[in-house]
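Structure, as structure tokens:
The values are calculated or read from the model by the stated rules, or taken from the named source; none is laboratory data. None of the values given here were measured: they were computed from a predicted structure. A quick note on method: Cβ atoms are made from the backbone with ideal geometry, for glycine too, and the neighbour counts reach across all protein chains shown.
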Amino acid sequence: MRKLFMKITNKIDNLLDANLKDVIKKSGISLILKIFGVGFLFFNSAFLGRFLGPEGLGIINISLKIIAVLLMLSLLGIPHLLIKEISIANYNKNWNRISELSYTSFLLNFISSTVIALIIIYYAADISRVVFNESELSEPLQIMLVGMVPQSFTRLISSLILGFNKVWQSNLLNETLSAFLVSLLLIFSYLLNIEITLIKVTYMYAGSYFFVSICSFVYWKSIFKFKGDKGNKILKLIIAAVPFLLVNGSGIIASNTDILMVGWLTDSYQAGLYSVATQIALVTSFFLLVTNSALSPKLASMFANGEISEMNKMVQKITLGLLVIGTVFFLFFVIFGKSILSIWGEPFVEAYPLLVVLSIGQFFNIGTGCAGFILIMCGYEKIHAKLSLSFVFINIILNYVLIINYGIIGAAVATAITVGSENIIKVVLAYKTTGISTIKILGRKNEK
């Protein structure tokens, strides 16, 4: 028995090269944190679903989706640029470059996020009434907007940290910690018999963003103490970040279009149902997000050093593992979907068809691996931007037509089609431009 165990262990060890081991090592802690983060998000969503109902949860989620889009605009694509540039600068020990990039990005972000937040706060009532036909959305949206500024700083700092290969620390600050704080506040409110209202919940979210932002800044100062050339090359940074803005922006818009359009074309009740189905379906892809976080700095540095063969082996083995995970989760949601949805309350069970359809789209997302990140980290971000932007328009048109005709199931179908199609095309483009294929069979055909 011991010999068999040793034989299996040695075989697995032989399959994993040094690069893959490094990614798995960095992904391991991140995966645990991601699991906790998803758990906290699920807890928060289920808790609010039971206390606020589908309509209240719908308002919270519409607010969060609006903030996600505005956050993307205020960040101007800088986080993805920072991951690439900081990882290369860190590899070459170019501390002046890191100092210049961090200072300039902080300054630019403060200006952009503050201006955008103030403008939308001013027009929040009109947006709520005219666009979403939901007057109760106005105050929660304004409170969330106040928390958007510190949240944008957290995103920047987590990208800087990721450039230093601090993968799990970046994931903790970027996602898990704020969700944990909201869970904690909800539990305390319940135990202390404090009434849980829509407004109080939005204050919890905004407060968590401020706290995490402070923690992020303190941690960044602890790992990067070099005081070099601060620089002030805002225009140069904007020009360099524009392709990343198009890439990240199109991705953010695509991932939020369906819920925002459901809120616009139907009502907050339907948006509540749809948001829960989306949240559950996205669990499949969090494994992809974790591996992408660990891979992104490595992809940039390996490609810069011409290690194409090693990159192919690494990403293909990871994609195979992700494909297995995607299959397991899809089957799990099909079989147990109704039981999972009932955790939010009986009204949410009617979202089961949405969950199945959205899960198909996420299966293609995880099954194609890190093709999009290969394009971004290997210098082909403009190609990725054009592709993503094209699918944003396709997504919007499909969502509008299908929601008008079929309601929220139409939104699910539109999203699944665009997610699946876009990711398949990314695999082909990544291979044609870089010679790196996330799917092994593609490379085999070319070799023949």
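Miscellaneous remarks
- Subset of the stretch 333-355 that is aromatic (F, W, Y) and more than 16 Å from V413 (Cα to Cα) - its residue that is surrounded by the fewest Cβ atoms within 10 Å (Cβ to Cβ): F336
- Pairs with Cβ under 9 Å, 6+ apart, first in the stretch 399-424 and closer than 16 Å to L282 by Cα and touching a residue at least 24 places away in the same chain (Cβ under 8 Å), second of a type outside the set (K, R) and not in a helix (DSSP H, G or I): A411/T266; G420/T368; N423/T368; N423/G369
- Taking the criterion of being closer than 15 Å to I161 by Cα and surrounded by 12 or more Cβ atoms within 10 Å (Cβ to Cβ), the residues of the stretch 177-230 that qualify are V212, S213, I214, C215, S216, F217, Y219, W220, F224.
- L156 in a helix (DSSP H, G or I) and either at pLDDT 95 or above or more than 22 Å from the chain's Cα centre (by Cα) (or both): no
- Counted as qualifying within the stretch 329-434 are the helices (runs of 4 or more DSSP H) with 2 or more residues that are within 22 Å of T257 (Cβ to Cβ) and in contact with a Gly (Cβ under 8 Å, 6 or more places away or on another chain), namely 352-367, 381-406, 408-434.
- Every listed requirement among (1) buried (at least 20 other Cβ atoms within 10 Å of the Cβ); (2) in a loop (DSSP other than H, G, I, E, B) is met by K93 save one, (1).
- Out of L273, L288, one residue alone is buried (at least 21 other Cβ atoms within 10 Å of the Cβ), part of a helix (DSSP H, G or I) and either over 14 Å from the mean Cα position of the chain (by Cα) or not hydrophobic (A, V, I, L, M, F, W, C) (or both). It is L273.
Listed here are the residues, each with its yes/no results for (1) under 21 Å from the mean Cα position of the chain (by Cα); (2) assigned to a helix (DSSP H, G or I); (3) free of Cβ contacts under 8 Å to residues at least 40 places away in the same chain.
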site	(1), (2), (3)
L101	no, yes, no
S105	yes, yes, no
I111	no, yes, yes
V130	no, yes, yes
S138	no, yes, yes
Q142	no, yes, yes
